[in-house]
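The values are calculated or read from the model by the stated rules, or taken from the named source; none is laboratory data. What you see is a predicted model; the values in this text were computed from it and never measured. Here the Cβ positions follow ideal geometry from the backbone for every residue, glycine too, while neighbour counts run over all protein chains shown.
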Amino acid sequence: MKEDKYCPKCGKKLSFFYLKPNCPACGVDILRYDAEGRLERDAQQAAKEVEALWRFVHKADKAHVIEKYCARKGRPLPWEAEAPSADRTQPTQTQEEQA
Ligand SMILES: [Zn+2]
């Protein structure tokens, strides 16, 4: 079966038999670029799931119990503690700018 491949960055059509790791047009590392894209999508998906879960908890009106508990213990809220790992794409840059 013949299947067209495209550069994940610039979209250049690549031969099915083009097996080099870098795009001939923009030079991007195709395999790694694609893997990073997948990781980002996974992270975004995970973030959405965490958000959806905690929205549900909020709706179920259990969140205020957890919020009180965390406030008393001086701990971050679970849904805030979850965010950085999943929400890494944009905040990383701002953190680097501040450093
Ligand atoms: Zn390219």
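Do we find a residue being small (Gly, Ala, Ser) and either in a helix (DSSP H, G or I) or in contact with a Ser or Thr (Cβ under 9 Å, 6 or more places away or on another chain) (or both) anywhere in segment 8-21?
So the first thing to find is which residues in segment 8-21 are small (Gly, Ala, Ser), and the list is 11, 15.
Of the ones still in play, those that are also either in a helix (DSSP H, G or I) or in contact with a Ser or Thr (Cβ under 9 Å, 6 or more places away or on another chain) (or both) are none.
Looking through segment 8-21, none of the residues is small (Gly, Ala, Ser) and either in a helix (DSSP H, G or I) or in contact with a Ser or Thr (Cβ under 9 Å, 6 or more places away or on another chain) (or both).
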Give segment 18-65 a look and list any residue that's aromatic (Phe, Trp, Tyr) and either within 12 Å of residue 7 (Cα to Cα) or free of Cβ contacts under 8 Å to residues at least 12 places away in the same chain (or both), or say none. 18, 33, 56
Under the condition of being more than 8 Å from the ligand (Cβ to nearest atom), surrounded by 14 or more Cβ atoms within 10 Å (Cβ to Cβ) and of a type in the set (D, E, K, R), which residue from segment 1-52 is farthest from residue 78 (Cα to Cα)? 5
Right, residue 48: closer than 30 Å to residue 80 by Cα, at pLDDT 85 or above and among the charged types (D, E, K, R) or not? yes
